[in-house]
1. Which members of the stretch B:116-160 meet the condition of being part of a loop (DSSP other than H, G, I, E, B), β-branched (V, I, T) and under 27 Å from the mean Cα position of the chain (by Cα)?
2. Quick check on my filter: what residues within the stretch A:83-115 are under 21 Å from A:R154 (Cα atoms) and at the interface with another protein chain (Cβ under 8 Å from one of its Cβ atoms)?
3. What's the number of the only condition in (1) outside any loop (DSSP other than H, G, I, E, B); (2) in contact (Cβ under 8 Å) with a residue 12 or more places away in the chain; (3) within 11 Å of chain A (Cβ to nearest Cβ) that B:P299 fails to meet?
4. Identify all residues within the stretch C:25-51 that are in contact (Cβ under 8 Å) with a residue 60 or more places away in the chain, within 15 Å of C:A285 (Cα to Cα) and out of contact with any helix residue (DSSP H, G or I) (no Cβ under 7 Å at 6 or more places or on another chain); write none if there are none.
5. Only residues in the stretch B:191-212 that are surrounded by fewer than 21 Cβ atoms within 10 Å (Cβ to Cβ) count as the first member; pair them with residues that are basic (K, R) and at pLDDT below 85, Cβ under 8 angstrom, at least 6 apart or cross-chain, and list the lot.
6. Collect the residues in the stretch A:234-253 that are within 10 Å of chain B (Cβ to nearest Cβ) and part of a strand (DSSP E or B), keeping them in residue-number order.
7. Keeping to the stretch B:229-254, report how many residues are part of a strand (DSSP E or B) and not aromatic (F, W, Y).
8. Give the residue, chosen from B:P312, B:P327, that is without any contact (Cβ under 8 Å) to a residue 60 or more places away in the chain and either within 12 Å of chain C (Cβ to nearest Cβ) or part of a loop (DSSP other than H, G, I, E, B) (or both).
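The values are calculated or read from the model by the stated rules, or taken from the named source; none is laboratory data. Quick caveat: nothing in here was measured; it's all calculated off a predicted structure. Cβ sites come from the backbone with ideal geometry, for glycine too, and all protein chains shown count toward neighbours.
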Amino acid sequence: MTDTPLLEVRNLKVHFKLPGSLLRPRSGGSVKAVDGVSFHLKRGETLGLVGESGCGKSTTGMAVLRMTPVTDGEIHIDGEDITHLKGRALRPLRRRMQMIYQDPFGALDPRMRVLDIIGEPLKVHKLVTGRKAYRQEVLRLMELVGLLPDMCERYPHEFSGGQRQRIGIARALAAQPDVIICDEPVSALDVSIQAQIINLLKDLQEELGLTYLFVAHDLAVVRHICDRVMVMYLGHVVEVADSEALYTNPQHPYTQALMSAIPIPDPRAESRREVDPSIEGEVPSPVNPPSGCPFHPRCKHATEVCSRVAPTLRETTDGHAVSCHLYEPETEAESLVRVASIA
Amino acid sequence: MKDAVANQPANTPGETMQKDPVGGLLQVEHLRTVFRQGRREVKAVDGISFSVNPGETLAIVGESGSGKSMTAMSLLRLIPSPPGEIIDGDVFFGGRNLLDMSEDELRDVRGNEIAMIFQEPMTSLNPVLTVRQQLAEPMRVHRKVKEEDIEARCLDLLRQVRIPDPETRLDAYPHQFSGGMRQRVMIAMALACEPRLLIADEPTTALDVTVQAQILELLKDLTRQHGSSMILITHDLGVVARYADRINVMYAGRIVESGTAREIFEQPRHPYTLGLINSMPRLDASEKARLLPIEGQPPDLGNLPTGCAFHPRCPFAVDQCRQQDPPLEPYQGHHLKACWVNVDD
Amino acid sequence: MTTETAPAALTTRPPTTPPLRERLGDNKVLGFIGRLIVQRPMGAFGAAICIVLLLTGVFADVIAPEGYNAINPIDRLKPPSAEYWLGTDQLGRDLFTRIVHGAQLSVIVAFAATSLSIVISAVIGITSGYFGGRFDMASQRVVDGWMCFPDLIILIVAVSVLGPGTWQVILILGLLFGISGSRIVRSSVLSVKQNIYIHAAQSMGASTLRILVMHILPNVMAPIIVLFTTRLAAVILAESGLSFLGLGIPPPAPSWGGMLSLDGRSYMFQAPWLAIVPGVALTVAVFGINMFGDALRDMLDPRMKGVGSGRYVAAVRRDRPSSRQSTGGTAQ
């Protein structure tokens, strides 16, 4: 692995303006969907973006793809700043980043044959010449994701959810992208099919050296595929760590609550676990986020400081960073070590 | 279809059924529901029998198309008809057969003795009525609660489902609540008449994980408090492991395995159950552990294979599985399985 | 001769000819026609009417070579007979000839005006719906403004400016129906635009033109086809209406509407066939086009393809278990 990360995001902010009233169009305020998120992604690595609805995980993915306007911050790919690319200059970038969607039913054009769906990136970016080479490449992709070649003339509605997701993955692979953004790629699938797709994604990564940004709400799914995990809450990163460190030693109270909320499919293990019902309430509206630490109204460890001062993301142990006052270092001087560089 | 019903072997009561004449609150026998699309007939629920004891939580687990929701809908005859039709079976509830009742009699049971909670808290509440109006409805209809008592009763219900500040929330409209709060209102409505049986159809699927935990804990506490039974329909094995006493695993309209939560998770005896458990992502897995998926695609209900419906995906399948449909038979005590093969760990 | 060739033709056919259905399934056009007949008999009936109409229009001079304006003062207002199949009008012109040539005129006007209107609807509707924002705002207000005027007023004004004639009618009707139809296209574009596959195409770097042509257009084809067929029928009616009012194609051109109004109305009691014949022709044509259009809309949807026909059914039948032994599950 090289030292320069493949993808680097610095202090990303995505704010959406809300419609105001007719007379005062600017009165609507804005939603801070993503508010100062920094992370990096190495080649061949999988970073999990985890959080509940409204935490900004999908918006972060969209911003990285440059599909949603970036309010502030920088996005670098291979050292190149892509934050302000426009129009035609975006085209090469579109080839380098591809997306796998949550809804296997909506993500495929119902009027197109599988052959045309999977091959579309090839056509758009003129990656192959000639009909024969095109067909050959599509069939190769289909085989790669476990679809039979004679399915290529069919339409999406003739496939089950899992097979459609395979088609979506083949399409994402067609352009040989550097980064694939997976937006909840298995959450709409049945359990038995979920496992097939997770394994497929892992195998493809091994075989082709793919890099994934894996957006998901389910920490259990993320555990099986991600090298590092970033937990988000209301547009902020609350914790980021290597997968193993995060699951064995979750530090942020939100991460802990999130984990205790996920049941384990084993009654014996369940009876040993302490279900922590102390996390009360729901995610507040991002239109009107709480002051200080966004999590403090639901946090059982919250102190007076938490409601006033927003904590910053700090490294506690190697590669493990938390944004919480509980882990504030003793002196201010030490605390100035910004974690953004390692996160 | 008539032939199929007549052919029912090995299912005479007493042979395979441990009928508990006093214990069973709900007794379902040979329930069969089909959907018709032109000449195609889809067996949504294909001759299943089970019972629910007082005070217990029975989970019905299955993937999409397994017939778990259709089972619940059939119990209260809520199947859209046409195209759906309950073509066979009995549903005994407190000694009466729900499938033989008139619409009027049934209406008296629905929402009163058996209440349902649906997946979609957004669409299950009427957007133009306040919470007070919707909560009061079942009380007026079923319990003839006096008008002056209704407010107190409503407030009590909202407190039970732990909605903060119930006095002001009582006159709010559904859109003023968040998803989790709406589901709490749904639960309050379901509990309004203190039902003996609660049917919760994927009650938390649309909610965030932390909210899901809150709602399920609430359901557990409330059913325990009231001593009511619950049928919990879900696809999530984790939820089942945490909240269910007994489990029915369904596949392609059939119950393939039935037993206590411990039995199902620790000694799964049907290859499908085993496959489900192995393919479930786990929070306590070792790092990046590989999942063991069930290969193949879910079955097409209108076109099921011969023999056991699971055999094309089953790693243990033998010739018999391709030809004959296995009956649900006791494996050990009340642990039942529908499989020709003996699956050992 | 014929008795000898027929068996010969039969024997030359390969002995292992697959059943008709499968052969039809292999050829796209034949397969489509086969499915149309099997699944949508009414649509096939409508298609037959459309084809007859089309052929009549194309071969009008062959079918009725006399000339539609051949006056024969001796045989005025003759009822239908062996000589004059549909009778004659007040100038002794053969009504059959005039109907046939009227079909030609109707076909030309209907297809030209409807095609023009569909192109206008699609261009305005797709761009306005897809781009949205200010462009949508501006173009929709223009459409609003246009639609504020009653159609008849626009028609009368346009005819008085451009004068009567075939191409004027085509232009006016095309514009009129095109602009109002853009609303229907736009609203379907708005819903198609929401689909994730559009997002997918954008994020993969597809050009706007590609998205419009490859993704939006095919997915709004259903309403466009419905629009086309309803408009086709409506244009035939509108053209007749214009001619009826004397604003359409001027006599002696044999427009069905003109025939209905000028001759039909004047001689309704002496020679009712003068009104009945063009009336029936109009009704049948409009009915046939509508039936065919409905069938076409359903058949062109890939989701409808294969339902209840062809190889799919064969496969289903093969796999269906002959008798599924049923056993009820029992749980305590």
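1. So the first thing to find is which residues in the stretch B:116-160 are part of a loop (DSSP other than H, G, I, E, B), and the list is B:118-130, B:144-146.
Cutting the leftovers down to β-branched (V, I, T) gives us B:123, B:128, B:130, B:145.
The answer is B:T123, and nothing else.
2. To start, the set of residues in the stretch A:83-115 that are under 21 Å from A:R154 (Cα atoms) comprises A:100-101, A:103-115.
Those that are under 21 Å from A:R154 (Cα atoms) and at the interface with another protein chain (Cβ under 8 Å from one of its Cβ atoms): A:Y101, A:D103, A:G106, A:A107, A:L108, A:D109, A:P110, A:R111, A:M112.
3. So B:P299 meets the others, but not (1).
4. Initially, the stretch C:25-51 is screened for residues in contact (Cβ under 8 Å) with a residue 60 or more places away in the chain, giving C:25, C:31-32, C:34-36, C:38-40, C:42-50.
Of the ones still in play, those that are also within 15 Å of C:A285 (Cα to Cα) are C:42-50.
Within the stretch C:25-51, C:A48 is the sole residue that qualifies.
5. Close Cβ pairs satisfying both conditions: B:C193/B:R143.
6. A:D242
7. Pass one, the stretch B:229-254, residues part of a strand (DSSP E or B): B:229-234, B:246-251, B:254.
Now drop any that are not not aromatic (F, W, Y), which leaves B:229-234, B:246-250, B:254.
So the answer is 12.
8. Numbers: B:P327 fails: without any contact (Cβ under 8 Å) to a residue 60 or more places away in the chain.
After applying the criteria, what remains is B:P312.
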